[in-house]
1. Of all residues in the stretch 30-53 being of a type in the set (K, R) and in contact (Cβ under 8 Å) with a residue 12 or more places away in the chain, which is farthest from ligand 2 (Cβ to nearest atom)?
2. Working carefully through the options Y108, Y55, find the one that is of a type in the set (F, W, Y) and at pLDDT 95 or above.
3. For the stretch 130-137, check the following and say yes or no: at least one residue is at pLDDT 90 or above, of a type in the set (S, T, N, Q) and in contact with a helix residue (DSSP H, G or I) (Cβ under 6 Å, 6 or more places away or on another chain).
4. Among the residues of the stretch 112-142, which ones are of a type in the set (S, T, N, Q), free of Cβ contacts under 8 Å to residues at least 40 places away in the same chain and assigned to a helix (DSSP H, G or I)?
5. Looking only at strands (runs of 3 or more DSSP E) that lie completely in the stretch 4-111, which have at least 2 residues being under 30 Å from K129 (Cβ atoms) and within 16 Å of ligand 1 (Cβ to nearest atom)?
Amino acid sequence: MPELAIDKKTQWECIRCGACCEGIIVGKSRDISVIKRGKPVCKYLDEDSKLCLNYENRPFICRIYPFVLDMDAIKGADGVARPQQAFKLENLKIHSECPGLGKGRRIYANKNLLKKLEKLALEFAINYKRYINKEIKIDELI
Ligand code: SF4
Ligand code: SF4
């Protein structure tokens, strides 16, 4: 899956096309996918409205999409884990198959989006600790 670096000019906006729920994400999270008309579709996708029927409890991968975490970015040169650092735009990647890429505002200038990523980073940091302490599995982390 092609994942691109984010630069100052990268634009993105979710156009609510539902493509991530019809193959892109569900290909990774098989426990939520069902096969319909020969392709994987999330069991929570309302195919008419293209909306998620499990929105409040959707997996982390759905909430962060189309941004992609580089797990290697969590550990700095000193080997100390800093999970929030993986959410810095210079470390995050964006999935090239999302049709919202190239649309909307520039990511670096989109304060609402940056705030949302900050919130996700905080949540991820808490869960990362739980993962390290073996309280949750990798699937529950990402
Ligand atoms: S594929 Fe991209 S644009 Fe379409 S619903 Fe998902 S995040 Fe939004
Ligand atoms: S849980 Fe919701 S957001 Fe995630 S793939 Fe399914 S329909 Fe899409």
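The values are calculated or read from the model by the stated rules, or taken from the named source; none is laboratory data. Everything quoted here is computed from the prediction, not taken from an experiment. A quick note on method: Cβ atoms are made from the backbone with ideal geometry, for glycine too, and the neighbour counts reach across all protein chains shown.
1. K39
2. So the residue among Y108, Y55 that is of a type in the set (F, W, Y) and at pLDDT 95 or above is Y108.
3. No, there is no match, as no residue in the stretch 130-137 is at pLDDT 90 or above, of a type in the set (S, T, N, Q) and in contact with a helix residue (DSSP H, G or I) (Cβ under 6 Å, 6 or more places away or on another chain).
4. N112
5. Filter on the stretch 4-111 gives 93-95.
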